[in-house]
């Protein structure tokens, strides 16, 4: 590995440390009670390193839930051989736990997304969407997916639906338990698989 590649990997790792430290602190204290200095101390980086990667604390929101991909990878590790409908529930329940654990940052993230829309969240490079798509592709290969829809369409529809459930939960100021709502909706979505 040459010097430029090493620096690029180190930069990505520093950015990841900053995002994970910020997420943990926001979960503990709330977004407004966390300073850049707090984040740097928790991440073990200088403020210069922080500002090299992010122009401000608010800019962390632009990266949305990049730590969600790491969380989802860990939650789904070793589950690749499970039937697709079981893996889909594993994806949705892990996604829901992450959302419940990070609701303060989540609310701010979606406020920013609504004010400044972009297309990043439906990008196929996102791990959650890819994992969902893999489930539906496997279901199609095994003859388990309803025949009139493509795996890409079903994965996109599920992703949009369950993201919408989370947004509804935020709009209701977290006034109902999210996991039971997701499980109830999953029961309906499981009919996309057939014996």
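Points to keep in mind about this one:
- Among the residues of the stretch 88-116, just one is under 12 Å from the mean Cα position of the chain (by Cα) and not in a helix (DSSP H, G or I), namely 102.
- Selection over the stretch 140-170 of residues that are closer than 12 Å to residue 193 by Cβ and in a helix (DSSP H, G or I) gives a count of 4.
- Residue that is farthest from residue 81 (Cα to Cα), among those in the stretch 121-139 that are assigned to a loop (DSSP other than H, G, I, E, B) and either touching a helix residue (DSSP H, G or I) at 6+ places or on another chain (Cβ under 6 Å) or without any contact (Cβ under 8 Å) to a residue 12 or more places away in the chain (or both): 123
- Residue within the stretch 177-192 that is modelled with pLDDT under 90, surrounded by fewer than 18 Cβ atoms within 10 Å (Cβ to Cβ), out of contact with any strand residue (DSSP E or B) (no Cβ under 9 Å at 6 or more places or on another chain) and more than 15 Å from residue 91 (Cα to Cα) present: yes
- Counted residues, the stretch 171-190 - those being touching a residue at least 12 places away in the same chain (Cβ under 8 Å) and not in a loop (DSSP other than H, G, I, E, B): 9
- Flag for residue 17 being at pLDDT 90 or above and more than 14 Å from residue 60 (Cβ to Cβ): no
- Only one of the numbered conditions (1) part of a helix (DSSP H, G or I); (2) outside the structural domain of residue 139 (by TED's automatic domain parsing) is violated by residue 55, and that is (1).
- Among the residues examined, residue 38 does not qualify as exposed (fewer than 15 other Cβ atoms within 10 Å of the Cβ), outside any loop (DSSP other than H, G, I, E, B) and out of contact with any strand residue (DSSP E or B) (no Cβ under 8 Å at 6 or more places or on another chain).
- Residue within the stretch 73-87 that is modelled with pLDDT under 85 and either under 29 Å from residue 171 (Cβ atoms) or not in a helix (DSSP H, G or I) (or both) present: yes
- From 144, 106, residue being touching a strand residue (DSSP E or B) at 6+ places or on another chain (Cβ under 9 Å) and crowded, with 16+ Cβ neighbours inside 10 Å: 144
The values are calculated or read from the model by the stated rules, or taken from the named source; none is laboratory data. Small disclaimer: the values here were computed from a predicted structure and weren't measured. No Cβ is skipped: glycine too gets one built from the backbone with ideal geometry, and neighbour counts run over all protein chains shown.
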